[in-house]
Amino acid sequence: MALPKVVDQFKCYFFRSEKEVKELKEKFLQGRGTPNLSLISDIHVVCGCLKDFLRGLKEPLVTYKLWHDFAKAAAKPKEFERYNETHQAISRLPQPNRDTLALMILHLQRVAENPGCKMSSENLAKVFGPTIIGYSMPEPDETSVVAEVNQQLMVINLLMSIPTDYWKAFVYPDVDFDTPEYCHTLHSETEVVPESPLGHPLETVDRSQQFAPRFETEI
């Protein structure tokens, strides 16, 4: 996966034009193919669109049902317990949630590794914790919000610490990661990103419209 220019700018996930973000999101939701992101001059619009889409989901990617499982796993004192129980929670996610989560974690890992972005994994966790992990209920009260913020950070940081090959197995299910061909493809600057393996579309708050991501253009 070649790293797009999206993440080459300082703090790209903090600044955006609300109007342009809304217009781009509507293009995705119309379901008429993937918009040509190379025509968008302000990279922050693409980043804002991604965050806005995640915020608009019916529930966070980890789901309300499994939220506490992820939180409990991240709080385990022993490292092997944290990873073991987190892997179990991931395996119980619906496939669209799991695969989208894998794509997001892979993206964030590459953002954190890119020196041009100047955003650490800790900063990215603070930005995406509320949207990827969210809260354990649809409308948390103030007490729950305060109590669960730290759990959000623990979970997202743990997910981002899982090796990339684990996540790539979901995104590229037909690729043998031990073959030389895989290693060549992985590091090729001209790699073609395959069509997303996502199954059914994730449901947004606006249930009359559903977004089935097709990652022909990587964001």
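The values are calculated or read from the model by the stated rules, or taken from the named source; none is laboratory data. These numbers come from a predicted model, not from an experiment. Methodologically, a virtual Cβ is constructed for each residue, glycine included, from the backbone with ideal geometry; neighbour enumeration extends over all protein chains shown. The area values use the complete protein model at the heavy-atom level, side chains included, leaving out ligands, DNA and RNA. Shrake-Rupley method; radii C 1.70, N 1.55, O 1.52, S 1.80 Å.
Data for the structure
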| item | result |
| --- | --- |
| Inter-residue pairs, beta-carbon under 8 Å, first on the phi < 0 side of the Ramachandran plot and in the stretch 135-164, second open to solvent by 60 Å² or more (accessible area, probe 1.4 Å) and aliphatic (A, V, I, L, M), 6+ apart | SER144/MET137; GLN151/ALA75; MET154/ALA75 |
| Residue satisfying all of: in the stretch 117-155; in a loop (DSSP other than H, G, I, E, B) and open to solvent by 60 Å² or more (accessible area, probe 1.4 Å); nearest to PHE70 (Cα to Cα) among these | MET137 |
| Scan of the stretch 36-46 for residues that are in contact (Cβ under 8 Å) with a residue 24 or more places away in the chain and not in a helix (DSSP H, G or I), ordered by number | ASN36, ASP42 |
| Any hit, the stretch 91-108, residues being small (Gly, Ala, Ser), touching a residue at least 60 places away in the same chain (Cβ under 8 Å), in contact with a helix residue (DSSP H, G or I) (Cβ under 7 Å, 6 or more places away or on another chain) and open to solvent by 20 Å² or more (accessible area, probe 1.4 Å) | no |
| Residues satisfying the stated conditions in the stretch 87-103, i.e. closer than 16 Å to HIS68 by Cβ and among the basic types (Lys, Arg) | ARG92 |
| Residue within the stretch 78-94 that is polar (S, T, N, Q), part of a helix (DSSP H, G or I), closer than 29 Å to LEU29 by Cα and at pLDDT 95 or above present | yes |
| Every residue from the stretch 161-178 that is farther than 24 Å from LYS58 by Cβ and either open to solvent by less than 40 Å² (accessible area, probe 1.4 Å) or among the basic types (Lys, Arg) (or both) | ILE162, LYS168, TYR172 |
| Complete set of residues in the stretch 72-115 that are closer than 15 Å to PRO163 by Cβ and of a type in the set (S, T, N, Q) | ASN84, THR86, GLN109 |
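Residues checked against (1) open to solvent by less than 20 Å² (accessible area, probe 1.4 Å); (2) of a type in the set (Asp, Glu); (3) modelled with pLDDT of 80 or more; (4) closer than 23 Å to ASN97 by Cα:
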residue	(1), (2), (3), (4)
LYS11	no, no, no, no
ARG16	no, no, no, no
GLU26	no, yes, yes, yes
GLY33	no, no, no, yes
SER41	no, no, no, no
VAL46	yes, no, yes, yes
LYS58	no, no, yes, yes
TYR64	no, no, yes, yes
ASP69	no, yes, yes, yes
